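Heads up, the thing below is written out as structure tokens.
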Amino acid sequence: MKIGIILGDQLSLNVPILQHLDKREDRLVMAELADEATYVKHHKQKIALIFSAMRHFAAGLQDAGWQVDYYCYGDHDFSGFEALLAACYGEAEAVLVTRCGEYRLQQRIDECWEQESGIPVTCLDDSRFLCSPAFFRQWAAGKKQLRMEFFYREMRRYTGLLMEGDEPAGGQWNYDSNNRQPYKGKTPLPPVLHFERDDIDEQVLALVEGYFADHIGSLDDFQWGTTRKQAQQSLDHFIAHRLPHFGDYQDAMLTGKGSTGEDTLFHSLLSPYINIGLLDPMAVCQAAEQAYYSGEAPLNAVEGFIRQILGWREYVRGIYWLLMPDYEKENRLENQRPLPAYYWTGETKMRCMAECFRNTIDHAYAHHIQRLMVTGNFALLLGVLPEAICQWYLEVYADAFDWVELPNTLGMVMHADGGYLGSKPYAASGSYINRMSDYCKHCQYNVKTASESDSCPFNSLYWHFIHRHRKQFAGNHRMKMIYGNLNRMDTAKVDAILARAQSLLADPDAL
Ligand SMILES: Cc1cc2nc3c(=O)[nH]c(=O)nc-3n(C[C@H](O)[C@H](O)[C@H](O)COP(=O)(O)OP(=O)(O)OC[C@H]3O[C@@H](n4cnc5c(N)ncnc54)[C@H](O)[C@@H]3O)c2cc1C
Ligand code: SF4
């Protein structure tokens, strides 16, 4: 008998181990393990989503005739797979597992599973991604600089998505310049999708409330789908109601008003489903492509959406496996500050931050611009230790897995890797947030000033950031204009802004 292990983010019938096992003889093993549920204090909704999706997936496998041994949290004493395998499967001839998404766990599989369980372990490549680590390595080899845009074009050619012969559909590779509109209410917000909860969901929600009460977040407004069918419904809903305007309002942000859609706007909410295997990334891209060819969604929206999955998602994974384990230790801007307490409590006078934290705490979700240009931007301007902010992002989002969270945070947000995710840091003042949202209208701080006692903290800290990193960035041609502006500023004005920033840096928790 062989044993096939299915991890919590491998809930797909396409995981390669299923093709290598025989349902009449072999057994599948799935387990809710303390090592995985608590190595960081994941948001309650993230644990509930994964446990419930695992249980539904296991039930589906059983219906399909597989013999599945499922270990529920609290019903067993195994903290990790090594102990479970050694105690229960000593007689098995082999263990098969699909390569996992996180360096930490992969290292344990490679170094400990076989040794500690005494059973030979075979690890198969994960075929659910569109670009394998080997393909990425080959693409990256010999290049002086890695840029997502060129990788993305390569992936468009490789998959044929939105390609017309050798040319990109519409004649352009990228329509991002059309995608920067603030939301002013002209287009009605899309409906919000709700799912009925079944017994499995209810049991898991009660379990999570019981065992993980001290983890961040609330389960009150748990809206995630937990089955393949619900994930597919989410995709269909996105294509019908959100994709047509996805491009236009991709960067917009709006103050939440209960569950009427301001927190998600036209975003897809599909990342957790894709990341845990309930949706296949290629099928998601094809559904969007189909909407373009059938005239249901415009090209700027469809290209923008496909670029996120085919481009960014695959690119960050490639970077992760290319550069780990040294990557996670990078801190090129030498930041050391702790994360302010409001990242967990949400209690801050900065309206934009409070809104993003509320969305995060209530839904284990924030869309990309909230993560990048608000909570991430602030951590960059403040100079937070990359490890601290990376851990926060890994804890608080339902879609957070190391391979995708780390490059996004350490690379894109913190520019701690020297620039694999962007040729310049995404640092921005409050004016960007003001342009793309309605937050500043309701804020105690003044977004128009930088040196007064009530000035927007983003403004003062932005100039402090630019000033303190002059050595690193003054030579960057994309930042020439900014340094030109700083150089032309009146010295007294610069001193006043820097003094205000210093006072903020002395006590960031007070903001
Ligand atoms: C600091 C930071 C941390 C992040 N951490 C994660 C994470 O842990 N897990 C995660 O899946 N995404 C992460 N992202 C990327 C992105 O913010 C989320 O994928 C997105 O917000 C998920 O919401 P959505 O499904 O509504 O996305 P949409 O805006 O609808 O985008 C469509 C899909 O594109 C993919 N995507 C978009 N941007 C990215 C990106 N930069 N990297 C990878 N995939 C992307 C996702 O699969 C997403 O579902 C992070 C971004 C930042 C700035
Ligand atoms: S004024 Fe500044 S702190 Fe307040 S919401 Fe606007 S950007 Fe955020």
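Among the residues of segment 210-248, those that are among the hydrophobic types (A, V, I, L, M, F, W, C) and closer than 14 Å to residue 264 by Cα comprise 224, 238, 243, 246.
Pairing residues of segment 170-189 that are of a type in the set (A, V, I, L, M) with residues that are crowded, with 16+ Cβ neighbours inside 10 Å, at Cβ distances under 8 Å and at least 6 apart in sequence or on separate chains, gives 189/261; 189/262; 189/265. Those helices (runs of 4 or more DSSP H) of segment 222-295 in which at least 3 residues are over 18 Å from the mean Cα position of the chain (by Cα) and over 17 Å from residue 9 (Cα atoms), considering only elements entirely within it, cover 228-237, 243-246, 281-293. Taken together, the residues in segment 143-159 that are out of contact with any Cys (no Cβ under 9 Å at 6 or more places or on another chain) and aromatic (Phe, Trp, Tyr) amount to 2. If the condition is being away from ligand 1 (no atom under 14 Å from the Cβ) and either open to solvent by 40 Å² or more (accessible area, probe 1.4 Å) or small (Gly, Ala, Ser) (or both), then segment 353-364 contributes 354, 358, 362. Look through segment 357-383, keep the residues that are in a helix (DSSP H, G or I) and away from ligand 2 (no atom under 16 Å from the Cβ), and return whichever of them is nearest to the chain's Cα centre (by Cα). Here the answer is 368. Scanning segment 449-470 for residues that are more than 20 Å from residue 376 (Cβ to Cβ), out of contact with any Cys (no Cβ under 8 Å at 6 or more places or on another chain) and near ligand 2 (Cβ under 10 Å from one of its atoms) returns 454, 455. Summed over segment 429-457, the residues that are more than 16 Å from ligand 1 (Cβ to nearest atom) and either touching a residue at least 12 places away in the same chain (Cβ under 8 Å) or under 28 Å from the mean Cα position of the chain (by Cα) (or both) give a count of 20. Which one is most open to solvent (accessible area, probe 1.4 Å), of the residues in segment 244-270 that are under 21 Å from residue 313 (Cα atoms) and within 16 Å of ligand 2 (Cβ to nearest atom)? Within segment 244-270, the match that is most open to solvent (accessible area, probe 1.4 Å) is 251. For segment 405-431, the set of residues classified as open to solvent by 40 Å² or more (accessible area, probe 1.4 Å) and under 16 Å from residue 465 (Cβ atoms) consists of 424, 426, 431, listed by residue number. Give me the residue from segment 469-511 that is touching a residue at least 60 places away in the same chain (Cβ under 8 Å) and under 18 Å from residue 334 (Cβ atoms) and, out of that set, most open to solvent (accessible area, probe 1.4 Å). Among those that are touching a residue at least 60 places away in the same chain (Cβ under 8 Å) and under 18 Å from residue 334 (Cβ atoms), it is 472.
Filtered by the rule that a residue be in contact (Cβ under 8 Å) with a residue 60 or more places away in the chain and in contact with a Phe, Trp or Tyr (Cβ under 9 Å, 6 or more places away or on another chain), segment 148-169 gives 148, 149, 151, 152, 155, 156, 162, 169. With respect to the conditions (1) more than 13 Å from ligand 1 (Cβ to nearest atom); (2) without any contact (Cβ under 8 Å) to a residue 12 or more places away in the chain; (3) out of contact with any Cys (no Cβ under 9 Å at 6 or more places or on another chain), residue 422 lacks only one, and its number is (1). Could you tell me whether segment 160-177 includes any residue that is closer than 26 Å to residue 293 by Cα, of a type in the set (A, V, I, L, M), touching a Cys at 6+ places or on another chain (Cβ under 9 Å) and more than 16 Å from ligand 2 (Cβ to nearest atom)? Within segment 160-177, one or more residues are closer than 26 Å to residue 293 by Cα, of a type in the set (A, V, I, L, M), touching a Cys at 6+ places or on another chain (Cβ under 9 Å) and more than 16 Å from ligand 2 (Cβ to nearest atom). Here 386, 340 are screened, and the one residue that is within 16 Å of ligand 2 (Cβ to nearest atom), crowded, with 19+ Cβ neighbours inside 10 Å, over 12 Å from the mean Cα position of the chain (by Cα) and more than 22 Å from residue 262 (Cα to Cα) is 340.
Conditions tested, residue by residue: (1) among the aromatic types (Phe, Trp, Tyr); (2) buried (at least 19 other Cβ atoms within 10 Å of the Cβ).
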site: 272; (1), (2): no, yes
site: 315; (1), (2): yes, yes
site: 346; (1), (2): no, no
site: 351; (1), (2): no, yes
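In the set (1) open to solvent by less than 50 Å² (accessible area, probe 1.4 Å); (2) of a type in the set (S, T, N, Q); (3) under 19 Å from residue 14 (Cα atoms); (4) over 25 Å from the mean Cα position of the chain (by Cα), residue 117 fails one condition alone, (3).
The values are calculated or read from the model by the stated rules, or taken from the named source; none is laboratory data. This is a predicted model, so every value here is computed, not measured. Neighbour counts are summed over all protein chains in view; Cβ atoms, including those assigned to glycine, are modelled from backbone coordinates with ideal geometry. For accessibility, only protein heavy atoms count, side chains too; no ligands or nucleic acids. Shrake-Rupley method; radii C 1.70, N 1.55, O 1.52, S 1.80 Å.
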